[in-house]
Amino acid sequence: MSVDPSSRPEIENLLAEARTFPPSAEFSAQATATADLYAEAEADFEAFWAKRAHERISWFTPFETTLEWDLPFAKWFTGGELNVSYNCLDRHVERGLGDKVAYHWIGEPGDTRTLTYRDLLGEVCRAANALRELGVQKGDRVAIYMPMIPELPVAMLACARLGAAHTVIFGGFSAEALSDRINDAQAKVLITADGGWRRGKPVGLKHHADEALASTPSINGTIVVDRLGGGIHMVEGRDHWWHEIVARQSDVCPPVPVESEQMLYLLYTSGTTAKPKGIVHTSAGYLLQASFTHEVVFDVKPDDVYWCAADIGWVTGHSYIVYGPLANATTGVMYEGAPDTPDWDRWWQIVEDYKVSILYCAPTAIRAFMKQGETYPAKHDLSSLRVLGSVGEPINPEAWLWYHDNIGGGRAPIVDTWWQTETGAILISPLPGVTTTKPGSATFPMPGIAVDVVDAKGDSVPLGGGGYLVLKRPWPSMLRGIYGDPDRYRSTYWSRFPGMYFAGDGAKRDLDGYLWLLGRVDDVMNIAGHRISTIEIESALVDHKSVAEAAVVGKSDDITGQAIFAFVILRAGQEPSDALAVQLREHVAYVIGPIARPKYLMFTPDLPKTRSGKIMRRLLRDIAEGRVLGDTTTLADANVVDVIRDKSGSAEED
Ligand code: PRX
């Protein structure tokens with residue numbers, strides 16, 4: 001059944017499952033990906049990937065073996081040698097695409113830059129030569145802590161050019177988060193900036209970097225981009241301005257051939273312990289699947305103007321602002337700032353100005369736009385848009401329909417893409433010319449991907465049932481491990497259900513086989529599309545001198561999906577106060593970064609625990625949500641719950 005939006009009754013009264021949106025005949029007729037991909041991949045998934053690895057990657061040495069699978073350790077395309085930056089830049093320039101725009105960059109204050117593939121190649125070579133001058137070689141790690149400016153992808157590609165791995169630390173993270181990651185990666189160089197623009201204000205970065213570098217002995221030097229006009233302290237002998245050390249280099253730097261399994265990058269993500277995991281991605285398999293999915297999921301054509309409005313500090317930016325689009329010689333838009341600056345139509349102005357044809361963003365952004373109303377998008381000509389994407393969290397059917405009607409003009413297909421930092425590329429998504437979509441469902445696994453929904457015993461649940469989302473077959477862009485910790489890799493992902501990768505998400509499969517992602521089943525929250533573990537925030541709270549114990553849960557939130565709710569027990573002699581609540585929130589922002597600042601904070605004399613001493617998060621979640629309590633018979637002291645519940649009405653909101 002397809003739906004005419006004008007005849008639709010109230011959204012809230014409809015069951016999501018009842019509405020379906022088949023692709024239009026015009027769209028299907030021109031779509032790159034067709035339904036045969038599924039059958040081809042099912043017939044022989046290794047041959048499917050091998051064929052594409054030959055076609056899509058320019059090899060210095062062709063690979064010999066498609067897959068070596070020693071569960072849970074995979075090696076793809078062994079024997080092959082390539083260079084990722086060569087695949088993203090040189091080969092396009094060599095075939096005459098040097099003048100094609102790689103990035104239209106828009107600064108928040110309104111300044112713009114246009115970089116062609118030739119410009120990008122020259123700048124990447126200069127940056128790679130500068131890194132080399134600072135001693136960076138194949139196999140080293142380089143940390144990157146930058147705002148959304150063109151030098152950020154340049155820095156990543158410069159590392160790839162030398163066969164060094166980058167680890168990008170999101171610019172919103174604190175000094176402590178930065179130094180932890182630099183130390184775990186043992187990075188040799190840090191590339192950063194004086195700061196960037198956010199919501200009309202300059203936001204400094206270098207002072208965090210300076211603080212972090214006080215405890216990072218592996219760092220030999222830094223390169224600092226002048227984005228805000230300088231005016232910062234530079235440490236003699238350690239800090240180098242980008243416009244000096246990079247600008248004076250040659251724009252020739254031969255790409256270093258690396259093995260397929262050479263580490264391309266590390267990206268830290270939250271898990272169920274306080275220590276972030278360094279997710280390892282390697283070169284050939286990652287590049288292949290990032291570029292393949294980018295092309296087929298977004299139906300990217302040579303003339304498209306593609307905009308992924310994520311931050312490069314997260315995996316979405318790595319795969320779908322940098323590696324996938326550049327490998328496909330796509331023209332991209334990159335925007336530095338906030339969606340509401342100077343007003344809530346900033347994005348729609350950009351779409352109109354650049355004739356953006358493909359937009360990829362997170363449900364939290366869509367919900368924020370929805371809250372502002374349709375007059376903002378209605379002021380602009382959005383008719384260039386032909387495909388819309390969503391990523392990072394389940395998209396509620398209302399937000400899906402709002403996106404469809406107000407941004408996509410009721411015409412552009414929506415691809416709801418499920419994946420993770422660990423998966424490297426999109427694994428569950430519609431193919432826009434093939435799949436009939438249902439608002440709120442990520443639909444089906446991509447060709448070649450084996451997904452199942454299992455019960456607690458690991459048995460597949462029948463259609464119509466819910467359970468745990470697992471992957472049953474290796475895929476080229478899968479994580480190769482957790483940096484320096486193979487045991488944690490095995491126990492985190494491969495031990496819950498033997499022989500299967502457990503993603504940590506719950507899912508339901510409806511009677512038509514459509515997948516509906518239900519969010520995390522572990523103690524990891526999803527705040528505005530970003531994974532944050534409860535225990536990291538608890539550790540940051542307990543790190544404060546007045547706190548004895550803390551428990552953190554996610555509370556549903558209209559805009560960010562979940563919001564952080566912290567229950568805090570103070571040390572003896574400390575008195576609860578509004579001022580202390582503010583101080584504790586700021587402390588978390590200081591230790592981890594503003595994204596982790598609890599929205600709600602409640603002081604409590606005790607926490608509900610089982611007899612064995614485990615905090616009963618389920619009860620805390622119920623309290624945070626204001627729901628009726630479930631069974632409390634396993635509680636050590638049932639009164640605790642009453643005390644907390646009475647107080648929760650007064651939990652302070654940010
Ligand atoms: O819970 C799922 C949710 O985001 C988690 C992965 O987070 P991260 O590694 O930060 O990567 C986010 C961008 C790829 C998943 O375990 N998630 C991601 N995409 C979706 C989603 N949940 C529902 N629907 C999605 N499309």
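Observations on the model:
- Within the stretch 224-261, tally of residues that are out of contact with any helix residue (DSSP H, G or I) (no Cβ under 8 Å at 6 or more places or on another chain), over 19 Å from V84 (Cβ atoms) and either surrounded by 12 or more Cβ atoms within 10 Å (Cβ to Cβ) or not assigned by TED's automatic domain parsing to the domain that holds T112 (or both): 8
Every residue, every condition in (1) surrounded by fewer than 20 Cβ atoms within 10 Å (Cβ to Cβ); (2) within 27 Å of the chain's Cα centre (by Cα), yes or no:
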position	(1), (2)
A53	no, yes
R56	yes, yes
F60	yes, no
E64	yes, no
F73	yes, yes
F77	no, yes
G80	no, no
N83	no, yes
C88	no, yes
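- Considered as a group, the residues in the stretch 518-533 that are free of Cβ contacts under 8 Å to residues at least 60 places away in the same chain and crowded, with 18+ Cβ neighbours inside 10 Å include one that is farthest from the ligand (Cβ to nearest atom), and that residue is M525.
- Residues located in the stretch 432-447, provided they are on the phi < 0 side of the Ramachandran plot and within 15 Å of the ligand (Cβ to nearest atom): P432, T435, T437, K438, P439, S441, A442, F444, P445, M446
- Residue within the stretch 370-390 that is within 16 Å of the ligand (Cβ to nearest atom) and either aliphatic (A, V, I, L, M) or free of Cβ contacts under 8 Å to residues at least 12 places away in the same chain (or both) present: yes
- Test: residue in the stretch 271-290 that is of a type in the set (S, T, N, Q), at pLDDT below 95 and in a loop (DSSP other than H, G, I, E, B): yes
- Against the numbered list (1) surrounded by 14 or more Cβ atoms within 10 Å (Cβ to Cβ); (2) at pLDDT 90 or above, S648 comes up short only at (2).
- Filtered residue count, the stretch 88-111, keeping only those that are assigned to a strand (DSSP E or B) and under 24 Å from L288 (Cβ atoms): 2
- Taking the stretch 130-213 and the strands (runs of 3 or more DSSP E) fully enclosed by it, the elements with 2 or more residues that are in contact with a Cys (Cβ under 7 Å, 6 or more places away or on another chain) are at 165-168.
- Some residue of the stretch 262-272 being more than 29 Å from the chain's Cα centre (by Cα) and surrounded by fewer than 16 Cβ atoms within 10 Å (Cβ to Cβ): no
Residues are listed down the side, and each one gets a yes or a no for (1) within 18 Å of the chain's Cα centre (by Cα); (2) farther than 19 Å from T417 by Cβ; (3) in a loop (DSSP other than H, G, I, E, B):
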{"position": "Y489", "(1), (2), (3)": "no, yes, no"}
{"position": "T492", "(1), (2), (3)": "no, yes, no"}
{"position": "R496", "(1), (2), (3)": "no, yes, yes"}
{"position": "G499", "(1), (2), (3)": "no, yes, yes"}
{"position": "G504", "(1), (2), (3)": "yes, no, no"}
{"position": "A507", "(1), (2), (3)": "no, no, no"}
{"position": "G513", "(1), (2), (3)": "no, no, yes"}
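- For T114: the one exception among (1) in a loop (DSSP other than H, G, I, E, B); (2) among the β-branched types (V, I, T); (3) surrounded by fewer than 23 Cβ atoms within 10 Å (Cβ to Cβ); (4) over 20 Å from the mean Cα position of the chain (by Cα): (1)
- Among the residues of the stretch 501-517, just one is near the ligand (Cβ under 8 Å from one of its atoms) and farther than 13 Å from V451 by Cβ, namely G504.
- D405 being outside any loop (DSSP other than H, G, I, E, B) and closer than 26 Å to T492 by Cβ: no
- Taken together, the residues in the stretch 45-65 that are part of a helix (DSSP H, G or I) and either of a type outside the set (A, V, I, L, M, F, W, C) or touching a strand residue (DSSP E or B) at 6+ places or on another chain (Cβ under 7 Å) (or both) amount to 9.
- Output for the stretch 288-308, where each listed residue is surrounded by fewer than 22 Cβ atoms within 10 Å (Cβ to Cβ) and within 13 Å of the chain's Cα centre (by Cα): none
Conditions (1) outside the structural domain of I245 (by TED's automatic domain parsing); (2) within 17 Å of R161 (Cα to Cα); (3) small (G, A, S), marked per residue:
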{"position": "G80", "(1), (2), (3)": "no, yes, yes"}
{"position": "C88", "(1), (2), (3)": "no, yes, no"}
{"position": "R95", "(1), (2), (3)": "no, no, no"}
{"position": "V101", "(1), (2), (3)": "no, no, no"}
{"position": "I106", "(1), (2), (3)": "no, no, no"}
{"position": "R118", "(1), (2), (3)": "no, yes, no"}
{"position": "G122", "(1), (2), (3)": "no, yes, yes"}
{"position": "R126", "(1), (2), (3)": "no, yes, no"}
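- Single residue of I414, I407, I428 found to be buried (at least 20 other Cβ atoms within 10 Å of the Cβ), more than 13 Å from the ligand (Cβ to nearest atom), in the same structural domain as L288 (by TED's automatic domain parsing) and of a type outside the set (D, E): I407
- Qualifying residue in the stretch 229-251 (condition: among the small types (G, A, S), more than 30 Å from the chain's Cα centre (by Cα), modelled with pLDDT of 95 or more and over 13 Å from V124 (Cα atoms)): yes
Results for (1) closer than 17 Å to Y306 by Cα; (2) hydroxyl-bearing (S, T, Y); (3) within 22 Å of the chain's Cα centre (by Cα), shown as yes or no for each residue.
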site	(1), (2), (3)
A338	no, no, yes
T341	no, yes, no
W344	no, no, no
W348	yes, no, no
C361	yes, no, yes
A368	no, no, yes
D381	yes, no, no
V387	yes, no, yes
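- Inter-residue pairs, beta-carbon under 7 Å, first closer than 19 Å to P202 by Cα and in the stretch 337-356, second buried (at least 19 other Cβ atoms within 10 Å of the Cβ) and among the small types (G, A, S), 6+ apart: P339/A365
The values are calculated or read from the model by the stated rules, or taken from the named source; none is laboratory data. Keep in mind that this is a model prediction, so the values were computed, not measured. Here the Cβ is made from the backbone with ideal geometry for all residues, glycine too, and neighbour counts use every protein chain on show.
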